[in-house]
Amino acid sequence: MKDDKTRIWYGGDYNPDQWPEEVWADDIRLMTRAGVNMVSVGIFSWARIEPSEGVFDFGWLDRVIDMLGSAGIAVDLATATASPPMWLTQAHPEVLWKDYRGDTCWPGARQHWRPTSRVFLRYALDLCRAMAEHYKDNDYIVSWHVNNEYGCHNRFDYSDDAMYAFQRWCERRYSTIGALNDAWGTSFWSQGLNDFSQIIPPRFIGDGNFINPGLLLDFKRFSSDALKEFYKAERDVLAEITPGRPLTTNFMVSASGTGLDYDDWADEVDFVSNDHYFTPGSGHLDELAYSSSLVDGISRKQPWFLMEHSTGAVNWRPINYRKQPGQLVRDSLAHLAMGADAICYFQWRQSRAGAEKFHTSMVPHAGENSQDFRDVCELGADLQRLSDEGLTGTRLVKSRVAVVFDWQSEWASEHTATPTQQVRHWTEPLDWFTALADNGITPDVVPLREHWESYEAVVLPSVYLLSAQDSRRVRDYVSGGGRLFVTYYTGISDENDHVWLGGYPGSISDVVGVRSEEFAPMGSDFDGVMDHLRLTNGTVAHDLADWITSVSETTRILAAYEADPWTGMNGVPAITVNDFGRGRAAYVGCRLGREGLAASLPSMLDAMGLDMSAQGASADVLHVERCDESDQRHFDFYFNRGHGIATVQPLGDVVVASLARMRAPGGPVSIDPNGVVVVKRP
Ligand code: GLA
Ligand code: GLA
């Protein structure tokens, strides 16, 4: 089972402990029918595996793993440490995490444990050891699923355990209290610290007050690291007992959820896996493709796992919209297009009871006689065909354009006491991804740490923090011939969130050739304030603009604001292009949104000397390619992005078509809304 590298893994979270054993045989029958070949087992099973302290019951788990394995279904086995049992928290309430007001997070849901508790760590590692010893020779198990979605509910713990761990973390980072005082800017408001024991987490400071942003930023860094240390401890116990078995833990990368620094975490897993839940509405496909592209960037283009997504509605939003016809298959194929080699769901069979009973699943409440299960079977057949055609192991083809995402910039820009709460980092990369797609270009989304210098064109979208070193990278990239797009709210501060002086964007103002003296936020919360700005190219800016007061001699102005004189913004440059060294830098000094960016891009690309017409797609189609190193196996994925019928001319054989039709052999293919076509080139 271990050696089959040609198949795309297909399945989901399987929670047999929610069902009587009679149901298991039916599960296996339906899994076989759907083409399921892998399931994740035991994620929340601690209380069943260890019903009381030190007493283990592996019988039921042995039986179900054996049934699965005998049917050819591989197991991704969880450590079961995500949700501690009642006996543990009853005996040790000191493992429960505390919120910023010091209130205890009680059991009743899941992940009610503090990442820095030595007591909890001991219990979790004992369970890991027992699991690894018991299952070390079981060949049906192909990977370890360590814990589950670290930090989903316990990302920030403000307990005393966390406080002491945070103090030690700060000491390792800064060595001296003087260096920490400097980094946090504690001369402000009399916050100077005499030693590390005076550090407290960002606990409740009273409503309407403003906490030290340096403390806050480091607490986010620390919280990501504390969970990572916990993960590494679990991992190391497993790796010692089962050295050859690959390990992963499921990340939560999506456009708006920016919890942990997953680019940093990715160094610690054998393969990257991600959980992604769709954004309802018109951004559905673009947000999915954007998020998956970022996962591919984190994975450095190594194949990765889609560990969870949903067949339809989730149950944790205020309104849980269903998927439209075709989206079940389309979404999975979109993750696959962006580099996934495994397609899994939460969860196999929809629960009858418990907090997630209204969350859709591969086998819905309606049973096997249902559209969802028929779609699950269709998808299984599609994945089998793509495996047979050799998709597994091919990689997402590198784009000519990279859009940079940076966790630390998101963390810093989401703080309060900023020019406007309407602006933070994450929306801008997604707007650029979508606007580029509107122009027929599918960019790669890459972490700031990645070698983005290897791309022909790079976008720095509101990358608020730029260290001296990253500013140097920017300068070297452009002077060496790179084409760089920079937006407002980029390069405002260094890695300690100390503002770069001399005019924004302080550390790269010479590269972009503009100098802004002040932010010009827009809003409608007061009568008579500026709520938008019209540009000379016909687009409209909202939320934030830079008051650019001068440009360099080599800077060309592509668009300026047309505003009433009283605003002080009339004629101020809005979009510029600067020659710098052998390269060029475009600057977009305001928030144009997807629409404004899409409309401004053609003239910007032109001014940058970038001809992207060869990218070949149109606005209504998202085109993605995967191929192997020698280009023997080359696949084109075409997704309909709109609400009309899209047409593409395939460059080879259509191997999968969902909501799509070929009019004549070799001729163009029509793709319905939510449809997709996969083509293999000869
Ligand atoms: C005040 C405080 C100052 C400063 C300003 C900012 O009233 O006394 O310290 O915070 O507000 O507007
Ligand atoms: C997650 C968890 C699952 C389940 C799904 C529901 O990401 O890992 O256990 O709660 O969300 O969407």
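Figure legend. Inter-residue proximity from segment 516-543: first residues closer than 18 Å to THR487 by Cα, second residues aromatic (Phe, Trp, Tyr), beta-carbon distance below 7 Å, spacing 6+ or different chains. Indicated pairs: SER516/TYR504; SER516/TRP547; GLU517/TRP547; GLU518/TRP547; ALA520/TRP547; LEU533/TYR561; ARG534/TYR561; LEU535/TYR561.
List the number of the failed condition for GLY326; all other conditions in (1) crowded, with 23+ Cβ neighbours inside 10 Å; (2) touching a helix residue (DSSP H, G or I) at 6+ places or on another chain (Cβ under 9 Å) hold. Among (1) crowded, with 23+ Cβ neighbours inside 10 Å; (2) touching a helix residue (DSSP H, G or I) at 6+ places or on another chain (Cβ under 9 Å), GLY326 violates only (1). Please work out which residue is farthest from LEU77 (Cα to Cα), limiting yourself to segment 13-51 and to residues that are within 16 Å of ligand 2 (Cβ to nearest atom), touching a Phe, Trp or Tyr at 6+ places or on another chain (Cβ under 8 Å) and among the β-branched types (Val, Ile, Thr). Among residues in segment 13-51 that are within 16 Å of ligand 2 (Cβ to nearest atom), touching a Phe, Trp or Tyr at 6+ places or on another chain (Cβ under 8 Å) and among the β-branched types (Val, Ile, Thr), the one farthest from LEU77 (Cα to Cα) is VAL39.
Residues in segment 132-158 that are away from ligand 2 (no atom under 16 Å from the Cβ), open to solvent by less than 20 Å² (accessible area, probe 1.4 Å) and assigned to a loop (DSSP other than H, G, I, E, B): ASP157 only. If I ask for residues that are under 32 Å from the mean Cα position of the chain (by Cα) and surrounded by fewer than 14 Cβ atoms within 10 Å (Cβ to Cβ), which ones from segment 4-32 would you list? Listed by number, the residues that qualify are ASP4, LYS5, THR6. Among the residues of segment 577-597, those that are open to solvent by 20 Å² or more (accessible area, probe 1.4 Å) and at negative phi comprise ASP579, PHE580, ARG582, ARG584, ARG591, ARG594, GLU595. Residue-level check: of (1) open to solvent by less than 10 Å² (accessible area, probe 1.4 Å); (2) assigned to a helix (DSSP H, G or I), TRP87 misses just (1).
Taking the conditions exactly as written (in contact with a Cys (Cβ under 9 Å, 6 or more places away or on another chain), more than 16 Å from ligand 2 (Cβ to nearest atom), in contact (Cβ under 8 Å) with a residue 40 or more places away in the chain and outside any loop (DSSP other than H, G, I, E, B)), does ASP161 satisfy them or not? Taking the combined requirement at face value, the residue does not satisfy it. Within segment 296-305, not a single residue is within 15 Å of ligand 2 (Cβ to nearest atom), open to solvent by less than 10 Å² (accessible area, probe 1.4 Å) and more than 17 Å from VAL445 (Cβ to Cβ). The strands (runs of 3 or more DSSP E) located wholly in segment 499-576 that include 2 or more residues which are closer than 26 Å to GLY609 by Cα and open to solvent by less than 30 Å² (accessible area, probe 1.4 Å) occupy 514-521, 540-551, 555-562. Inspection of segment 467-489 identifies at least one residue that is touching a His at 6+ places or on another chain (Cβ under 9 Å) and either open to solvent by 10 Å² or more (accessible area, probe 1.4 Å) or part of a loop (DSSP other than H, G, I, E, B) (or both).
Those strands (runs of 3 or more DSSP E) of segment 607-668 in which 3 or more residues are touching a Gly at 6+ places or on another chain (Cβ under 7 Å) and over 30 Å from ALA586 (Cα atoms) occupy 653-662.
Determine whether segment 177-189 contains at least one residue that is β-branched (Val, Ile, Thr) and part of a helix (DSSP H, G or I). Looking through segment 177-189, at least one residue is β-branched (Val, Ile, Thr) and part of a helix (DSSP H, G or I). ILE319 meets all of the listed conditions (1) away from ligand 2 (no atom under 14 Å from the Cβ); (2) touching a residue at least 40 places away in the same chain (Cβ under 8 Å); (3) within 23 Å of the chain's Cα centre (by Cα) but one, namely (2). For SER600, are the conditions met, namely being open to solvent by 20 Å² or more (accessible area, probe 1.4 Å) and either touching a residue at least 60 places away in the same chain (Cβ under 8 Å) or under 22 Å from ARG681 (Cβ atoms) (or both)? Considered against the rule, which asks whether it is open to solvent by 20 Å² or more (accessible area, probe 1.4 Å) and either touching a residue at least 60 places away in the same chain (Cβ under 8 Å) or under 22 Å from ARG681 (Cβ atoms) (or both), SER600 comes out as no. Looking at the structure I just gave you, is LEU285 over 26 Å from ASP161 (Cα atoms), surrounded by 21 or more Cβ atoms within 10 Å (Cβ to Cβ) and touching a helix residue (DSSP H, G or I) at 6+ places or on another chain (Cβ under 8 Å)? It is true that LEU285 is over 26 Å from ASP161 (Cα atoms), surrounded by 21 or more Cβ atoms within 10 Å (Cβ to Cβ) and touching a helix residue (DSSP H, G or I) at 6+ places or on another chain (Cβ under 8 Å).
Quickly run through segment 625-669 and pick out the residues that are of a type in the set (S, T, N, Q) and either in contact with a helix residue (DSSP H, G or I) (Cβ under 9 Å, 6 or more places away or on another chain) or open to solvent by less than 10 Å² (accessible area, probe 1.4 Å) (or both). Across segment 625-669, the qualifying residues are ASN640, SER658. Restricting attention to segment 670-680, which residues are out of contact with any His (no Cβ under 6 Å at 6 or more places or on another chain) and either open to solvent by 20 Å² or more (accessible area, probe 1.4 Å) or not hydroxyl-bearing (Ser, Thr, Tyr) (or both)? Once the filter is applied, which keeps residues that are out of contact with any His (no Cβ under 6 Å at 6 or more places or on another chain) and either open to solvent by 20 Å² or more (accessible area, probe 1.4 Å) or not hydroxyl-bearing (Ser, Thr, Tyr) (or both), segment 670-680 yields ILE671, ASP672, ASN674, GLY675, VAL676, VAL677, VAL678, VAL679, LYS680. For segment 258-279, residues that are under 21 Å from ARG322 (Cα atoms) and either open to solvent by less than 40 Å² (accessible area, probe 1.4 Å) or away from ligand 2 (no atom under 15 Å from the Cβ) (or both) total 4. Within segment 241-257, the residues that satisfy the criterion of being away from ligand 2 (no atom under 16 Å from the Cβ) and either surrounded by 23 or more Cβ atoms within 10 Å (Cβ to Cβ) or in contact (Cβ under 8 Å) with a residue 60 or more places away in the chain (or both) are ILE241, THR242, ARG245, PRO246, LEU247. One residue is enough: does segment 425-437 have a residue meeting the conditions out of contact with any His (no Cβ under 7 Å at 6 or more places or on another chain) and in a loop (DSSP other than H, G, I, E, B)? Checked against the condition, which is being out of contact with any His (no Cβ under 7 Å at 6 or more places or on another chain) and in a loop (DSSP other than H, G, I, E, B), segment 425-437 yields at least one hit. One residue alone among VAL463, VAL403, VAL445 is outside any strand (DSSP E or B) and buried (at least 20 other Cβ atoms within 10 Å of the Cβ), and that residue is VAL463. Take segment 322-359 and flag every residue that is touching a strand residue (DSSP E or B) at 6+ places or on another chain (Cβ under 9 Å), within 15 Å of ligand 2 (Cβ to nearest atom) and of a type in the set (S, T, N, Q). Hits for segment 322-359 are GLN347, GLN350. Within segment 51-84, the residues that satisfy the criterion of being within 16 Å of GLU133 (Cβ to Cβ) and open to solvent by 10 Å² or more (accessible area, probe 1.4 Å) are GLY54, VAL55, PHE56, ASP57, PHE58, GLY59, ASP62.
The values are calculated or read from the model by the stated rules, or taken from the named source; none is laboratory data. Model, not experiment: these values are computed from the prediction. Cβ coordinates were reconstructed from backbone atoms using ideal geometry, including for glycine residues, and neighbour counts include every protein chain displayed. The protein model used for the area step is the full one, side chains on, heavy atoms only, and it has no ligands, DNA or RNA in it. Shrake-Rupley method; radii C 1.70, N 1.55, O 1.52, S 1.80 Å.
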